[in-house]
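Novice: Please find one structure pasted underneath; my questions will follow.
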Amino acid sequence: MGHRRIRSRASALFTSGWAAFLLSGCFGGGIQSTIDPKSDATRIIQSLYGLVTWIDIGIFVVVFGFLIITILRFREKPGQGIPKQVRGHLGLEIIWTIIPALLLVFIAIPTWSGIFRAYSPPSGNSLKVEAIGHQWWWEFNYPELGVVTANEMHIPVGRPIVIDTFSKDVVHSFWVPKLAAKIDSLPGHVNTVWFEAEEIATYFAQCAEFCGTSHANMRFRVIVESPEDFDKWVAKQKQPPVAVSDAAKAGQTLFQQKVCIVCHTISGVPGAVGIVGPNLTNLLNRKTLASAIMENNNENLVKWIQAPRSFKPGALMILPIPVNEEEATQLAAFLMSEPAQ
Ligand code: CUA
(Lines give C-alpha, C1' and ligand atoms only; values in the text may rest on other atoms or scores of the structure.)
Protein backbone atom coordinates (compact mmCIF):
# COMPACT_ATOMS: atom_id res chain seq x y z
CA MET A 1 0.00 0.00 0.00
CA GLY A 2 1.43 3.37 -1.07
CA HIS A 3 1.95 6.23 1.37
CA ARG A 4 -0.68 8.27 -0.37
CA ARG A 5 -3.29 5.53 0.01
CA ILE A 6 -2.50 5.09 3.68
CA ARG A 7 -2.74 8.84 4.18
CA SER A 8 -6.09 9.10 2.38
CA ARG A 9 -7.42 6.16 4.39
CA ALA A 10 -6.28 7.77 7.61
CA SER A 11 -7.92 11.04 6.64
CA ALA A 12 -11.16 9.24 5.67
CA LEU A 13 -11.15 7.47 9.04
CA PHE A 14 -10.53 10.75 10.85
CA THR A 15 -13.33 12.51 8.96
CA SER A 16 -15.85 9.73 9.46
CA GLY A 17 -14.89 9.55 13.14
CA TRP A 18 -15.65 13.24 13.55
CA ALA A 19 -18.88 12.91 11.58
CA ALA A 20 -19.99 10.04 13.85
CA PHE A 21 -19.10 12.11 16.92
CA LEU A 22 -21.07 15.12 15.67
CA LEU A 23 -24.06 13.04 14.59
CA SER A 24 -24.13 11.09 17.84
CA GLY A 25 -25.56 14.13 19.54
CA CYS A 26 -22.61 14.45 21.90
CA PHE A 27 -22.87 18.19 21.45
CA GLY A 28 -25.51 20.15 23.26
CA GLY A 29 -27.58 20.86 20.17
CA GLY A 30 -28.72 17.25 19.61
CA ILE A 31 -32.45 16.62 19.98
CA GLN A 32 -31.70 13.84 22.46
CA SER A 33 -28.53 15.28 23.94
CA THR A 34 -27.82 14.17 27.49
CA ILE A 35 -25.61 17.22 28.08
CA ASP A 36 -28.25 19.84 27.36
CA PRO A 37 -30.26 19.76 30.60
CA LYS A 38 -33.68 21.43 30.65
CA SER A 39 -34.85 20.38 34.10
CA ASP A 40 -33.55 20.52 37.68
CA ALA A 41 -33.02 16.74 37.66
CA THR A 42 -30.88 16.64 34.51
CA ARG A 43 -28.94 19.69 35.72
CA ILE A 44 -27.83 17.71 38.80
CA ILE A 45 -26.75 14.82 36.56
CA GLN A 46 -24.93 17.24 34.28
CA SER A 47 -23.02 18.86 37.17
CA LEU A 48 -21.88 15.43 38.42
CA TYR A 49 -20.88 14.49 34.91
CA GLY A 50 -18.87 17.71 34.58
CA LEU A 51 -17.19 17.25 37.99
CA VAL A 52 -16.09 13.69 37.22
CA THR A 53 -14.91 14.62 33.72
CA TRP A 54 -12.70 17.47 35.02
CA ILE A 55 -11.24 15.26 37.75
CA ASP A 56 -10.51 12.61 35.10
CA ILE A 57 -8.80 15.16 32.89
CA GLY A 58 -6.68 16.27 35.89
CA ILE A 59 -5.66 12.67 36.62
CA PHE A 60 -4.82 12.11 32.95
CA VAL A 61 -2.59 15.20 32.80
CA VAL A 62 -0.73 14.42 36.05
CA VAL A 63 -0.18 10.70 35.33
CA PHE A 64 0.86 11.20 31.70
CA GLY A 65 2.99 14.19 32.70
CA PHE A 66 4.98 12.04 35.14
CA LEU A 67 5.12 9.24 32.58
CA ILE A 68 6.57 11.48 29.88
CA ILE A 69 9.06 13.09 32.28
CA THR A 70 10.16 9.64 33.39
CA ILE A 71 10.54 8.35 29.85
CA LEU A 72 12.66 11.35 28.82
CA ARG A 73 14.76 11.70 31.93
CA PHE A 74 15.47 8.06 32.68
CA ARG A 75 15.81 6.73 29.16
CA GLU A 76 18.85 4.59 28.41
CA LYS A 77 21.95 6.60 27.55
CA PRO A 78 24.90 5.24 25.57
CA GLY A 79 27.34 3.23 27.70
CA GLN A 80 25.17 3.60 30.81
CA GLY A 81 24.90 -0.05 31.83
CA ILE A 82 22.23 -1.40 34.21
CA PRO A 83 20.95 1.39 36.52
CA LYS A 84 20.52 1.04 40.27
CA GLN A 85 17.78 -1.54 40.99
CA VAL A 86 15.12 -0.69 43.61
CA ARG A 87 12.05 -2.49 44.91
CA GLY A 88 8.93 -0.66 46.16
CA HIS A 89 8.62 2.80 47.74
CA LEU A 90 6.48 3.12 50.87
CA GLY A 91 6.06 6.91 50.61
CA LEU A 92 4.81 6.77 47.02
CA GLU A 93 2.52 3.83 47.79
CA ILE A 94 0.87 5.81 50.59
CA ILE A 95 0.49 8.93 48.42
CA TRP A 96 -1.14 7.15 45.48
CA THR A 97 -3.50 5.33 47.81
CA ILE A 98 -4.57 8.41 49.76
CA ILE A 99 -5.09 10.74 46.75
CA PRO A 100 -7.57 8.44 44.89
CA ALA A 101 -9.37 7.74 48.19
CA LEU A 102 -9.81 11.49 48.78
CA LEU A 103 -11.00 11.98 45.20
CA LEU A 104 -13.59 9.23 45.62
CA VAL A 105 -14.90 10.85 48.81
CA PHE A 106 -15.00 14.20 46.98
CA ILE A 107 -17.12 12.66 44.18
CA ALA A 108 -19.26 10.60 46.56
CA ILE A 109 -20.67 13.58 48.47
CA PRO A 110 -22.54 15.27 45.56
CA THR A 111 -23.39 11.83 44.14
CA TRP A 112 -25.13 10.81 47.36
CA SER A 113 -27.00 14.06 47.59
CA GLY A 114 -28.20 13.55 43.98
CA ILE A 115 -29.30 10.00 44.76
CA PHE A 116 -31.20 11.09 47.87
CA ARG A 117 -32.95 13.79 45.85
CA ALA A 118 -33.97 11.24 43.21
CA TYR A 119 -35.48 8.98 45.88
CA SER A 120 -37.59 11.63 47.57
CA PRO A 121 -40.28 12.74 45.12
CA PRO A 122 -42.21 15.82 46.26
CA SER A 123 -45.84 15.79 47.25
CA GLY A 124 -47.81 19.01 47.46
CA ASN A 125 -48.31 20.60 44.05
CA SER A 126 -46.66 17.81 42.06
CA LEU A 127 -48.42 16.12 39.14
CA LYS A 128 -48.35 12.35 38.89
CA VAL A 129 -48.12 10.64 35.50
CA GLU A 130 -48.00 6.89 35.02
CA ALA A 131 -45.76 6.01 32.06
CA ILE A 132 -46.71 2.50 31.01
CA GLY A 133 -44.55 0.62 28.50
CA HIS A 134 -46.22 -1.58 25.89
CA GLN A 135 -44.72 -3.33 22.85
CA TRP A 136 -44.19 -0.80 21.15
CA TRP A 137 -45.80 2.38 22.44
CA TRP A 138 -46.23 4.38 25.62
CA GLU A 139 -49.38 4.91 27.63
CA PHE A 140 -49.56 8.05 29.78
CA ASN A 141 -52.12 7.97 32.53
CA TYR A 142 -52.92 10.98 34.72
CA PRO A 143 -54.75 9.32 37.62
CA GLU A 144 -55.46 12.63 39.40
CA LEU A 145 -57.00 14.17 36.27
CA GLY A 146 -58.85 11.15 34.86
CA VAL A 147 -57.06 11.47 31.53
CA VAL A 148 -55.18 8.88 29.46
CA THR A 149 -53.14 9.43 26.32
CA ALA A 150 -50.47 7.73 24.26
CA ASN A 151 -47.00 8.56 22.97
CA GLU A 152 -47.21 12.31 23.58
CA MET A 153 -47.04 13.29 27.22
CA HIS A 154 -48.23 16.79 28.00
CA ILE A 155 -46.95 18.44 31.18
CA PRO A 156 -47.03 21.96 32.61
CA VAL A 157 -43.77 23.92 32.86
CA GLY A 158 -42.34 24.69 36.31
CA ARG A 159 -44.29 22.10 38.25
CA PRO A 160 -42.74 18.92 39.72
CA ILE A 161 -43.74 15.91 37.61
CA VAL A 162 -43.58 12.53 39.30
CA ILE A 163 -43.37 9.68 36.80
CA ASP A 164 -44.38 6.23 37.99
CA THR A 165 -43.28 3.83 35.31
CA PHE A 166 -44.00 0.14 34.77
CA SER A 167 -44.64 -2.25 31.89
CA LYS A 168 -47.54 -4.32 30.61
CA ASP A 169 -45.24 -6.90 28.94
CA VAL A 170 -41.42 -6.92 28.80
CA VAL A 171 -38.77 -4.59 30.25
CA HIS A 172 -38.75 -1.13 28.64
CA SER A 173 -36.96 2.01 29.74
CA PHE A 174 -38.39 5.51 30.12
CA TRP A 175 -35.90 8.05 28.78
CA VAL A 176 -36.28 11.77 28.13
CA PRO A 177 -32.62 12.80 27.84
CA LYS A 178 -33.07 16.53 28.48
CA LEU A 179 -35.62 16.20 31.28
CA ALA A 180 -35.31 13.06 33.37
CA ALA A 181 -32.94 10.32 34.45
CA LYS A 182 -33.29 7.12 32.44
CA ILE A 183 -35.28 4.52 34.37
CA ASP A 184 -36.43 0.96 33.65
CA SER A 185 -40.12 0.19 33.15
CA LEU A 186 -40.61 -3.25 34.62
CA PRO A 187 -43.60 -5.58 34.61
CA GLY A 188 -45.05 -5.91 38.11
CA HIS A 189 -42.91 -3.21 39.73
CA VAL A 190 -43.21 0.57 39.80
CA ASN A 191 -40.10 2.75 39.41
CA THR A 192 -40.31 6.46 40.11
CA VAL A 193 -38.42 9.39 38.66
CA TRP A 194 -39.22 13.09 39.02
CA PHE A 195 -38.25 16.40 37.51
CA GLU A 196 -39.39 19.95 36.92
CA ALA A 197 -39.20 21.17 33.31
CA GLU A 198 -37.73 24.66 32.91
CA GLU A 199 -38.65 25.55 29.31
CA ILE A 200 -41.75 25.34 27.16
CA ALA A 201 -40.79 23.08 24.25
CA THR A 202 -41.32 19.65 22.71
CA TYR A 203 -38.77 17.10 23.87
CA PHE A 204 -37.72 13.94 22.06
CA ALA A 205 -37.65 10.72 24.00
CA GLN A 206 -37.57 6.99 23.48
CA CYS A 207 -37.53 3.56 25.00
CA ALA A 208 -33.96 2.84 26.06
CA GLU A 209 -34.07 -0.90 26.75
CA PHE A 210 -34.16 -3.46 23.96
CA CYS A 211 -37.69 -4.80 24.03
CA GLY A 212 -38.16 -6.69 20.76
CA THR A 213 -38.60 -6.13 17.03
CA SER A 214 -39.73 -2.51 17.09
CA HIS A 215 -37.73 -1.28 20.10
CA ALA A 216 -36.20 1.45 17.93
CA ASN A 217 -39.74 2.51 16.91
CA MET A 218 -40.86 2.99 20.51
CA ARG A 219 -40.35 6.72 20.64
CA PHE A 220 -42.37 9.40 22.37
CA ARG A 221 -42.55 13.14 22.86
CA VAL A 222 -42.86 15.24 25.97
CA ILE A 223 -44.76 18.45 25.36
CA VAL A 224 -44.00 21.03 28.03
CA GLU A 225 -46.52 23.86 27.93
CA SER A 226 -47.84 26.71 30.03
CA PRO A 227 -50.24 25.73 32.85
CA GLU A 228 -53.11 27.36 30.88
CA ASP A 229 -52.37 25.40 27.70
CA PHE A 230 -52.01 22.25 29.76
CA ASP A 231 -55.44 22.78 31.33
CA LYS A 232 -56.95 23.31 27.86
CA TRP A 233 -55.38 20.07 26.68
CA VAL A 234 -56.76 18.19 29.71
CA ALA A 235 -60.25 19.55 28.98
CA LYS A 236 -60.04 18.41 25.34
CA GLN A 237 -58.93 14.94 26.42
CA LYS A 238 -62.31 14.50 28.08
CA GLN A 239 -64.37 15.44 25.03
CA PRO A 240 -65.62 13.06 22.33
CA PRO A 241 -64.75 13.75 18.70
CA VAL A 242 -67.62 15.26 16.74
CA ALA A 243 -68.04 13.60 13.33
CA VAL A 244 -69.17 16.41 11.02
CA SER A 245 -68.56 15.25 7.44
CA ASP A 246 -70.26 12.22 5.89
CA ALA A 247 -66.87 10.50 5.70
CA ALA A 248 -66.30 11.04 9.42
CA LYS A 249 -69.79 9.75 10.24
CA ALA A 250 -69.17 6.65 8.13
CA GLY A 251 -65.80 6.32 9.88
CA GLN A 252 -67.44 6.35 13.30
CA THR A 253 -69.71 3.46 12.26
CA LEU A 254 -66.75 1.56 10.84
CA PHE A 255 -64.75 2.18 14.02
CA GLN A 256 -67.37 0.16 15.87
CA GLN A 257 -68.00 -2.44 13.12
CA LYS A 258 -64.35 -3.18 12.44
CA VAL A 259 -63.95 -3.89 16.16
CA CYS A 260 -61.37 -1.13 16.63
CA ILE A 261 -63.19 -0.53 19.92
CA VAL A 262 -61.93 -3.84 21.33
CA CYS A 263 -58.43 -2.35 21.65
CA HIS A 264 -58.88 1.43 21.59
CA THR A 265 -60.52 3.96 23.86
CA ILE A 266 -61.88 7.30 22.68
CA SER A 267 -63.43 9.51 25.38
CA GLY A 268 -67.19 9.71 25.02
CA VAL A 269 -67.51 7.22 22.15
CA PRO A 270 -69.91 4.44 23.21
CA GLY A 271 -68.23 1.03 23.37
CA ALA A 272 -64.76 2.40 22.63
CA VAL A 273 -63.17 1.40 25.91
CA GLY A 274 -60.43 -1.04 24.83
CA ILE A 275 -57.17 -0.70 26.72
CA VAL A 276 -54.91 -3.07 24.76
CA GLY A 277 -53.99 -0.42 22.20
CA PRO A 278 -53.27 3.30 22.50
CA ASN A 279 -56.00 5.69 23.63
CA LEU A 280 -56.99 7.67 20.53
CA THR A 281 -58.79 10.60 22.16
CA ASN A 282 -57.99 13.97 20.58
CA LEU A 283 -55.76 12.39 17.93
CA LEU A 284 -56.16 15.52 15.83
CA ASN A 285 -53.99 17.42 18.30
CA ARG A 286 -51.06 15.00 18.22
CA LYS A 287 -47.98 15.86 16.23
CA THR A 288 -46.98 12.27 15.54
CA LEU A 289 -48.41 8.83 14.83
CA ALA A 290 -47.40 5.28 15.74
CA SER A 291 -45.28 6.21 18.80
CA ALA A 292 -43.65 9.22 17.23
CA ILE A 293 -42.21 7.47 14.18
CA MET A 294 -44.07 9.61 11.67
CA GLU A 295 -45.79 12.95 11.35
CA ASN A 296 -49.49 12.99 12.14
CA ASN A 297 -51.38 13.90 8.98
CA ASN A 298 -54.31 12.47 7.13
CA GLU A 299 -52.25 10.75 4.45
CA ASN A 300 -49.99 8.96 6.93
CA LEU A 301 -52.95 7.96 9.08
CA VAL A 302 -54.75 6.37 6.11
CA LYS A 303 -51.60 4.38 5.23
CA TRP A 304 -51.01 3.38 8.83
CA ILE A 305 -54.57 2.09 9.31
CA GLN A 306 -54.24 -0.15 6.23
CA ALA A 307 -50.84 -1.64 6.99
CA PRO A 308 -49.36 -0.85 10.42
CA ARG A 309 -46.67 -3.50 10.13
CA SER A 310 -45.17 -1.96 7.03
CA PHE A 311 -44.25 1.03 9.21
CA LYS A 312 -43.63 -0.72 12.51
CA PRO A 313 -42.37 -4.29 12.09
CA GLY A 314 -44.04 -6.67 14.53
CA ALA A 315 -46.72 -4.13 15.53
CA LEU A 316 -49.44 -5.86 17.51
CA MET A 317 -52.21 -3.87 15.81
CA ILE A 318 -54.20 -6.63 14.14
CA LEU A 319 -56.91 -5.91 11.60
CA PRO A 320 -59.43 -8.74 11.99
CA ILE A 321 -61.24 -7.54 8.88
CA PRO A 322 -59.28 -6.05 5.95
CA VAL A 323 -59.66 -2.30 5.59
CA ASN A 324 -59.61 -0.86 2.07
CA GLU A 325 -58.46 2.63 1.19
CA GLU A 326 -61.94 4.14 1.21
CA GLU A 327 -62.68 2.71 4.64
CA ALA A 328 -59.28 3.80 5.94
CA THR A 329 -60.00 7.32 4.69
CA GLN A 330 -63.35 7.35 6.50
CA LEU A 331 -61.77 6.01 9.70
CA ALA A 332 -59.09 8.68 9.49
CA ALA A 333 -61.73 11.38 8.97
CA PHE A 334 -63.45 10.22 12.14
CA LEU A 335 -60.25 9.91 14.19
CA MET A 336 -59.13 13.39 13.12
CA SER A 337 -62.45 15.03 14.06
CA GLU A 338 -62.33 18.08 16.32
CA PRO A 339 -63.22 17.28 19.91
CA ALA A 340 -66.45 18.83 21.22
CA GLN A 341 -65.97 22.22 22.89
CU1 CUA B 1 -39.60 -0.64 24.72
CU2 CUA B 1 -37.42 -0.76 23.89
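The values are calculated or read from the model by the stated rules, or taken from the named source; none is laboratory data. Since the model is a prediction, treat every value here as computed from it, not as a measurement. Glycine also receives a Cβ, built like all others from the backbone with ideal geometry; neighbour counts cover every protein chain displayed. Note: accessible area is taken over every heavy atom of the protein model, side chains too, but ligands, DNA and RNA are not part of it. Shrake-Rupley method; radii C 1.70, N 1.55, O 1.52, S 1.80 Å.
Novice: Looking at (1) surrounded by 12 or more Cβ atoms within 10 Å (Cβ to Cβ); (2) farther than 30 Å from His215 by Cβ, which one does Lys84 not meet, given that it meets all the others?
Specialist: Evaluating Lys84 over (1) surrounded by 12 or more Cβ atoms within 10 Å (Cβ to Cβ); (2) farther than 30 Å from His215 by Cβ leaves (1) as the failure.
Novice: Just checking, which of His154, His172 is under 25 Å from Glu295 (Cα atoms), at pLDDT 95 or above and away from the ligand (no atom under 16 Å from the Cβ)?
Specialist: Only one candidate qualifies: His154.
Novice: Also, I was wondering about something else. Give me the residue from segment 312-331 that is in contact with a helix residue (DSSP H, G or I) (Cβ under 6 Å, 6 or more places away or on another chain) and free of Cβ contacts under 8 Å to residues at least 60 places away in the same chain and, out of that set, least open to solvent (accessible area, probe 1.4 Å).
Specialist: Among those residues, the one meeting the criterion is Ala328.
Novice: Name the helices (runs of 4 or more DSSP H) wholly within segment 217-311 that hold at least 1 residues that are among the aliphatic types (A, V, I, L, M)?
Specialist: 227-236, 246-257, 298-306
Novice: Continuing with this model, one more query. Can you name the condition, by its number, that Ile95 falls short on among (1) away from the ligand (no atom under 16 Å from the Cβ); (2) within 24 Å of Ser173 (Cβ to Cβ)?
Specialist: Here Ile95 meets the rest and fails (2).
Novice: Could you please find all residues in segment 196-230 being aliphatic (A, V, I, L, M) and either more than 8 Å from the ligand (Cβ to nearest atom) or over 14 Å from His134 (Cβ atoms) (or both)?
Specialist: Selection gives Ala197, Ile200, Ala201, Ala205, Ala208, Ala216, Val222, Ile223, Val224.
Novice: Report the residue count in segment 29-67 for those that are of a type in the set (Gly, Ala, Ser) and in a helix (DSSP H, G or I).
Specialist: 5
Novice: Also: Residues of segment 125-151 being more than 16 Å from the ligand (Cβ to nearest atom) and in contact with a helix residue (DSSP H, G or I) (Cβ under 6 Å, 6 or more places away or on another chain), which ones?
Specialist: Leu145, Val147
Novice: Condition first: open to solvent by 50 Å² or more (accessible area, probe 1.4 Å) and closer than 19 Å to Asp184 by Cα. Now tell me which residues in segment 207-239 satisfy that.
Specialist: If the condition is that a residue be open to solvent by 50 Å² or more (accessible area, probe 1.4 Å) and closer than 19 Å to Asp184 by Cα, then Glu209, Phe210, Thr213, Ala216, Arg219 are the ones that fit.
Novice: Before we move on, is Ala292 within 29 Å of the chain's Cα centre (by Cα) and either open to solvent by less than 30 Å² (accessible area, probe 1.4 Å) or free of Cβ contacts under 8 Å to residues at least 24 places away in the same chain (or both)?
Specialist: yes
Novice: Pick from segment 250-299 the residues that are of a type outside the set (A, V, I, L, M) and touching a His at 6+ places or on another chain (Cβ under 6 Å): which of them is nearest to Ile31 (Cα to Cα)?
Specialist: Only one residue fits best here, namely Gly277.
Novice: Continuing with the same structure: Looking at Ala108, Ala181 in this structure, which one is touching a helix residue (DSSP H, G or I) at 6+ places or on another chain (Cβ under 8 Å) and among the small types (Gly, Ala, Ser)?
Specialist: Only one candidate qualifies: Ala181.
Novice: Among the candidates Gly268, Gly277, which residue alone is over 17 Å from Gln330 (Cα atoms) and either open to solvent by 50 Å² or more (accessible area, probe 1.4 Å) or of a type in the set (Asp, Glu) (or both)?
Specialist: Gly268
Novice: With Thr111, Thr42, Thr97 as the choices, which residue is touching a Lys or Arg at 6+ places or on another chain (Cβ under 7 Å) and either modelled with pLDDT of 95 or more or polar (S, T, N, Q) (or both)?
Specialist: Thr42
Novice: In segment 181-192, what residues are away from the ligand (no atom under 16 Å from the Cβ) and within 22 Å of Pro37 (Cβ to Cβ)?
Specialist: Ala181, Thr192
Novice: Out of segment 140-161, which residues are open to solvent by 10 Å² or more (accessible area, probe 1.4 Å) and in a strand (DSSP E or B)?
Specialist: Asn141, Val148, His154
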